Amino acid sequence: MQIMTKTFLQVQKQIEQLQKEAEQLRRKEADGVLSRIKEAIAVYGFTAADLGLGKASGNVALAKRGNGKKGRKSTKPATAAGVPKFKDEQGNVWSGRGPRPTWFKAALEAGKSADDLRAK
């Protein structure tokens, strides 16, 4: 059995090739993740504030988008799902739908009431 030794330059070239391959895979995976994120934003009407990207005044994107069903009118106000019912001093918000977020539970455990956290 003959053992082939690699030179430093051969290993560097192999590293370069693997880095290119890794970058291609990362881009492909990132594209899929981004598509799923965009779909979730469209389906659930998340705002920039919901995603922690800054404050958005109301849920303008959801109001413009409607309910996603062509030819049908929604019986609910378009902004109902995105309007925060609860918020804290750190800017965390929750619509009151779905599981209670960690910050909400922590505030209740710290002695706050749901009424204390109600958005005004």
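The values are calculated or read from the model by the stated rules, or taken from the named source; none is laboratory data. What you are looking at is a predicted structure, and each value in this text was computed from that prediction instead of being measured. Note that we place each Cβ from the backbone using ideal geometry, even for glycine, and neighbour counts take in every protein chain shown.
General remarks:
- Going through (1) at pLDDT below 85; (2) farther than 13 Å from A119 by Cβ one by one, G58 falls short only on (2).
- Within region 103-120, if we keep just the residues that are modelled with pLDDT of 90 or more and among the charged types (D, E, K, R), the residue that is nearest to G45 (Cα to Cα) turns out to be R118.
- Residues that are closer than 17 Å to A49 by Cβ and either among the polar types (S, T, N, Q) or part of a loop (DSSP other than H, G, I, E, B) (or both), drawn from region 103-120: A119, K120
- Residue, nearest to L51 (Cα to Cα), within region 1-16, restricted to residues that are of a type outside the set (A, V, I, L, M) and surrounded by 10 or more Cβ atoms within 10 Å (Cβ to Cβ): E16
- Criterion applied to I3, I15, I41, I37 was being modelled with pLDDT under 85 and at negative phi, and the one residue passing it is I3.
- Tally, over region 78-102, of residues that are in a helix (DSSP H, G or I) and at pLDDT 90 or above: 1
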